[in-house]
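Participant: The following block contains the structure, expressed as structure tokens.
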Amino acid sequence: MELVPSARSRFAVGEEAVFSKAFTQEDVEIFSRLSGDTNPVHLDENYARQTRFQGRIMHGMLVASLISSALGTKLPGPGCVYLSQQLSFRAPARVGERLTAKVRVTDWDETKGRIILATEVVNDGDVQLIVGEAKLALASFLK
């Protein structure tokens, strides 16, 4: 298997990127089938209305996948691989909301090809849904 070279080889602390998307209920149902997470708080409106959320909420890991999208396509971009991801879930996301993952470089080790980024997902009201930190490596350094 040939490693995909990173599109870039230098990064600056403070550099930022975003990735936005609105998920549909069909997206939630597909994620539920793929992941096996059939918790009714995501799928059954009558059940979810009885919870503190007062209605269906999206899977936290589906929302967090936007961070992966930002990292893999924007910053650091193609050719990077996850080493670790820390997540803290702050608020629920709802179907149809425009969600935006924001990533910001906090550390870059050019000799090892390692990068650390602050990560977050916010909704269209700028409510912070997820915060965390990602550690990645450029694939070209993983030989």
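The values are calculated or read from the model by the stated rules, or taken from the named source; none is laboratory data. Note that the structure is a prediction, hence the values are computed from the model and not measured. Cβ placement follows ideal geometry from the backbone for every residue including glycine, while neighbour counts extend to all protein chains displayed.
Participant: In the stretch 69-96, which residues are in contact with an Asp or Glu (Cβ under 7 Å, 6 or more places away or on another chain) and closer than 16 Å to Ser140 by Cα?
Facilitator: Across the stretch 69-96, the qualifying residue is only Leu75.
Participant: Assess whether Leu99 counts as being farther than 15 Å from Ala134 by Cβ and without any contact (Cβ under 8 Å) to a residue 40 or more places away in the chain.
Facilitator: When the stated conditions are applied, Leu99 does not pass them.
Participant: Does the stretch 2-11 contain at least one residue that is in contact with a helix residue (DSSP H, G or I) (Cβ under 6 Å, 6 or more places away or on another chain) and modelled with pLDDT of 95 or more?
Facilitator: No: zero hits.
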